[in-house]
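Handing you this structure, nothing more for now.
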Amino acid sequence: MRPFLIHELISLSGEHLVLVSISIGIAILIGIPLGILCTRRERLRGPILAFASIMQTVPSLALFGFLIPVPLIGGIGKRTAIVALILYALLPILRNTLVGIQSIDPAVRESAVAMGMTPSQLLWQVELPLASRTLIAGIRVATVTTIGTATIAAAIGGGGLGVFIFRGIASVDSTEILAGAIPAACMALLADGGLGWIERKLSVV
Amino acid sequence: MGRDLIVEYRDVTYAVGGRTILDHFALKIEAGETIVLLGRSGSGKTTALKMVNGLIFPTSGQVIVDGKPTTEWDLIKLRRSIGYVIQEVGLFPHFTVKQNVGLVPKLENWEPAKIDQRATELLERVGLPASLYAARYPRQLSGGQRQRAGVARALAADPALLLFDEPFGALDPVTRLELQNQFLELRQTFGKTSIFVTHDVREALRLGTRIALLHQGKLDQLAEPAGFRQSKSPEARAFLAWLDET
């Protein structure tokens, strides 16, 4: 292997990790509260879920492309890539938050209210702990797919391991393609294993 | 809240989706009594019960608890002063039995040592020795044991009033009888005002100091068990006929 390839491998893997971490972090910060909101305001549930679903059905390459001309969040570079990845990761997190809370035994919720829990006590002491497993499962799905999708960020100058892949395709060099694909796959496997372990640890019920 | 908490239904009507569940229902519950709300499914008995701790509010009329309509109560405060036992029990699956029993005291910021002592004492009282059961989770209990824990939880913060919504309905007949006996025992000890919803006339006659029979959202009969047996109303006869059958 060429020495500069190894050097680049490390820096692009780091870049990839940063892209994914920021995107998932923000998607969690948006997705979980939105999911909770959906359990509280039935009228908002339809529109919010529809938005998140549509975002996920747009082919990822197209989504990156669409965002380029959008003012403030668009343009070429990391910021646009992160916005696209957030939109992509939103649905599994949001939906699992909603499903996790909705699948709690209604009798448990009714007793919590009847025992005189305030809405925030109900949320923090009952709903979130009981939904935590489903919630982590959503984050796990979102993380694994985002690690894959983030390789496309390179198409709009977002950097990351996709740089190798696109360059490899352009120069018909399978070593370069593999230099991008293998680390991304390893990263996805590690994230899957780690979050799966947390998920199992949370199996309180 | 005073010890002589009294509940009064004043001309309560509740309608939802074009259906009248409670129809000008009026009833006064006195301190210390066990009033049984007896009726068929859909008679409005559970709705009437849930109005006491503000889970449901009347469409018209008022439910007065301790001198104040439920609509004017601080609901959190109201609910914490009323014990509530339901058929599905509703213990928190992620809490141990002891944590479940200590829930309301904890919400009321009791000292941990005091909560612990209270939970232990109540578990013993309902026949679940703390040394054996305190650390278990609800899924590790039988249906009857869960219901016992549910009763202990309702009693934990020493509420002045207890609400029971068909608490023993899902249990096998033998366990049901055991829990009914325990209910009578606990009443001897604690002497709390209770409102007890059931469709089981035998349970009503065993446990009630008075029986209020609901029929199509209206109060059909109100009598002590002995008097109820003599009722002439068709609905009361229908319930009592079942008694003769078995």
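List pairs: first in segment B:77-92 and facing another protein chain (nearest Cβ under 8 Å), second charged (D, E, K, R) and surrounded by 24 or more Cβ atoms within 10 Å (Cβ to Cβ), Cβ under 8 Å, 6+ apart or cross-chain?
B:L91/B:R153
Is one or more of the residues making up segment A:9-24 out of contact with any Phe, Trp or Tyr (no Cβ under 7 Å at 6 or more places or on another chain), modelled with pLDDT under 90, hydrophobic (A, V, I, L, M, F, W, C) and surrounded by 12 or more Cβ atoms within 10 Å (Cβ to Cβ)?
Checking segment A:9-24: at least one residue is out of contact with any Phe, Trp or Tyr (no Cβ under 7 Å at 6 or more places or on another chain), modelled with pLDDT under 90, hydrophobic (A, V, I, L, M, F, W, C) and surrounded by 12 or more Cβ atoms within 10 Å (Cβ to Cβ).
Residue-wise test of (1) away from chain A (no Cβ under 14 Å); (2) without any contact (Cβ under 8 Å) to a residue 12 or more places away in the chain; (3) more than 27 Å from B:L78 (Cβ to Cβ).
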position: B:A152; (1), (2), (3): no, no, no
position: B:L155; (1), (2), (3): no, no, no
position: B:E166; (1), (2), (3): no, no, no
position: B:T175; (1), (2), (3): yes, no, yes
position: B:L179; (1), (2), (3): yes, no, no
position: B:R187; (1), (2), (3): yes, no, no
position: B:T193; (1), (2), (3): yes, no, no
position: B:T198; (1), (2), (3): yes, no, no
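Just wondering, is there one or more residues in segment A:68-89 that are more than 30 Å from B:S81 (Cβ to Cβ), of a type in the set (S, T, Y) and surrounded by 16 or more Cβ atoms within 10 Å (Cβ to Cβ)? Give the derivation first.
Pass one, segment A:68-89, residues more than 30 Å from B:S81 (Cβ to Cβ): A:68-89.
If we keep only those that are of a type in the set (S, T, Y) too, we end up with A:80, A:88.
Right, trim to surrounded by 16 or more Cβ atoms within 10 Å (Cβ to Cβ) and you get A:80, A:88.
Taking every residue of segment A:68-89 in turn, at least one turns out to be more than 30 Å from B:S81 (Cβ to Cβ), of a type in the set (S, T, Y) and surrounded by 16 or more Cβ atoms within 10 Å (Cβ to Cβ).
Given the conditions (1) more than 9 Å from every other protein chain (Cβ to nearest Cβ); (2) in a helix (DSSP H, G or I); (3) not polar (S, T, N, Q), report the number of the one that B:L38 does not fulfil.
Going through the list (1) more than 9 Å from every other protein chain (Cβ to nearest Cβ); (2) in a helix (DSSP H, G or I); (3) not polar (S, T, N, Q), B:L38 breaks only (2).
Taking B:T47, is it out of contact with any Cys (no Cβ under 7 Å at 6 or more places or on another chain), in a helix (DSSP H, G or I) and within 14 Å of chain A (Cβ to nearest Cβ)? Reasoning before the result, please.
Working: out of contact with any Cys (no Cβ under 7 Å at 6 or more places or on another chain): yes; in a helix (DSSP H, G or I): yes; within 14 Å of chain A (Cβ to nearest Cβ): yes.
Against the criterion (out of contact with any Cys (no Cβ under 7 Å at 6 or more places or on another chain), in a helix (DSSP H, G or I) and within 14 Å of chain A (Cβ to nearest Cβ)), B:T47 qualifies.
Based on this model, can you work out whether B:L177 counts as under 21 Å from B:V36 (Cα atoms) and either surrounded by fewer than 17 Cβ atoms within 10 Å (Cβ to Cβ) or at pLDDT 95 or above (or both)?
Values: under 21 Å from B:V36 (Cα atoms): yes; either surrounded by fewer than 17 Cβ atoms within 10 Å (Cβ to Cβ) or at pLDDT 95 or above (or both): yes.
In short, yes.
Here is a further query. Pairs only if they're at least six apart or on different chains, beta carbon under 8 angstrom, first in segment A:114-135 and more than 7 Å from chain B (Cβ to nearest Cβ) and closer than 17 Å to A:N96 by Cα, second in a helix (DSSP H, G or I) and of a type in the set (K, R); list them, first residue then second.
A:E127/A:R109
Then there's this: Any chance segment A:43-55 includes a residue that's touching a Leu at 6+ places or on another chain (Cβ under 7 Å), more than 14 Å from chain B (Cβ to nearest Cβ), under 27 Å from A:P129 (Cβ atoms) and modelled with pLDDT of 95 or more? Talk me through it step by step, then tell me what you get.
Looking only at segment A:43-55, we keep the residues that are touching a Leu at 6+ places or on another chain (Cβ under 7 Å), and these are A:44, A:48, A:52-53, A:55.
In the following step, the residues that additionally are more than 14 Å from chain B (Cβ to nearest Cβ) were identified as A:44, A:48, A:52-53, A:55.
So of that shortlist, the ones also under 27 Å from A:P129 (Cβ atoms) come out as A:44, A:48, A:52.
Imposing the further condition that a residue be modelled with pLDDT of 95 or more reduces the set to none.
There is no residue in segment A:43-55 that is touching a Leu at 6+ places or on another chain (Cβ under 7 Å), more than 14 Å from chain B (Cβ to nearest Cβ), under 27 Å from A:P129 (Cβ atoms) and modelled with pLDDT of 95 or more.
Quick check on my filter: what residues within segment B:130-148 are surrounded by fewer than 23 Cβ atoms within 10 Å (Cβ to Cβ) and either within 12 Å of chain A (Cβ to nearest Cβ) or assigned to a helix (DSSP H, G or I) (or both)? Write out each step before concluding.
So in segment B:130-148, the residues surrounded by fewer than 23 Cβ atoms within 10 Å (Cβ to Cβ) come out as B:130-146.
Within segment B:130-148, B:A130, B:S131, B:L132, B:Y133, B:Y137, B:P138, B:R139, B:Q140, B:G143, B:G144, B:Q145, B:R146 qualify.
Can you give me the number of residues within segment B:82-115 that are out of contact with any helix residue (DSSP H, G or I) (no Cβ under 8 Å at 6 or more places or on another chain), among the aliphatic types (A, V, I, L, M) and assigned to a loop (DSSP other than H, G, I, E, B)?
Residues that pass the stated criteria total 0.
Would you check which residues across segment B:13-35 are farther than 18 Å from B:R210 by Cβ and either touching a residue at least 40 places away in the same chain (Cβ under 8 Å) or assigned to a strand (DSSP E or B) (or both) and list them?
If the condition is that a residue be farther than 18 Å from B:R210 by Cβ and either touching a residue at least 40 places away in the same chain (Cβ under 8 Å) or assigned to a strand (DSSP E or B) (or both), then B:T13, B:Y14, B:A15, B:V16, B:R19, B:T20, B:I21, B:L22, B:D23, B:H24 are the ones that fit.
Table: residues versus (1) under 27 Å from A:R109 (Cβ atoms); (2) surrounded by fewer than 17 Cβ atoms within 10 Å (Cβ to Cβ).
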position	(1), (2)
B:L22	yes, no
B:A26	no, yes
B:L38	no, no
B:S41	yes, yes
B:K45	yes, no
B:V52	yes, no
B:R80	yes, no
B:F95	yes, no
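Being within 15 Å of the chain's Cα centre (by Cα) and either of a type in the set (F, W, Y) or buried (at least 16 other Cβ atoms within 10 Å of the Cβ) (or both), is that true of even one residue in segment B:7-19?
Pass one, segment B:7-19, residues within 15 Å of the chain's Cα centre (by Cα): B:7.
Filter again for either of a type in the set (F, W, Y) or buried (at least 16 other Cβ atoms within 10 Å of the Cβ) (or both), leaving B:7.
Looking for residues that are within 15 Å of the chain's Cα centre (by Cα) and either of a type in the set (F, W, Y) or buried (at least 16 other Cβ atoms within 10 Å of the Cβ) (or both), one finds at least one in segment B:7-19, hence yes.
Another question, if that's okay. Collect the residues in segment B:51-76 that are in a helix (DSSP H, G or I), free of Cβ contacts under 8 Å to residues at least 12 places away in the same chain and facing another protein chain (nearest Cβ under 10 Å), keeping them in residue-number order.
Our first condition is that a residue be in a helix (DSSP H, G or I); within segment B:51-76, this holds for B:70-72, B:75-76.
This time we only want the ones that are free of Cβ contacts under 8 Å to residues at least 12 places away in the same chain, so: B:72, B:76.
Result: B:I76, single match.
Right, next: Let me confirm something: among A:I139, A:I101, which residue is of a type in the set (A, V, I, L, M, F, W, C) and under 30 Å from B:I86 (Cα atoms)? If you could, list the steps in order and put the result at the bottom.
Numbers: A:I139 fails: under 30 Å from B:I86 (Cα atoms).
It is A:I101.
Turning to a different aspect of this structure: Scan (1) more than 9 Å from every other protein chain (Cβ to nearest Cβ); (2) touching a strand residue (DSSP E or B) at 6+ places or on another chain (Cβ under 9 Å); (3) of a type outside the set (D, E, K, R) for the single condition B:V104 breaks and write down its number.
Single failed check for B:V104: (1).
Now for a different question. Taking the options A:I177, A:I165, name whichever one is away from chain B (no Cβ under 14 Å), of a type in the set (A, V, I, L, M) and out of contact with any Phe, Trp or Tyr (no Cβ under 9 Å at 6 or more places or on another chain). Working first, answer last.
Values: A:I177 fails: out of contact with any Phe, Trp or Tyr (no Cβ under 9 Å at 6 or more places or on another chain).
Every option except A:I165 fails the conditions.
Follow-up question, since we're still on this one. Given the conditions (1) touching a Gly at 6+ places or on another chain (Cβ under 8 Å); (2) on the phi > 0 side of the Ramachandran plot, report the number of the one that B:G54 does not fulfil.
It fails just one condition, (1).
The values are calculated or read from the model by the stated rules, or taken from the named source; none is laboratory data. Just so it is clear, the model here is predicted, and its values are computed rather than measured. Virtual Cβ from ideal backbone geometry, glycine too; neighbours counted across all protein chains shown.
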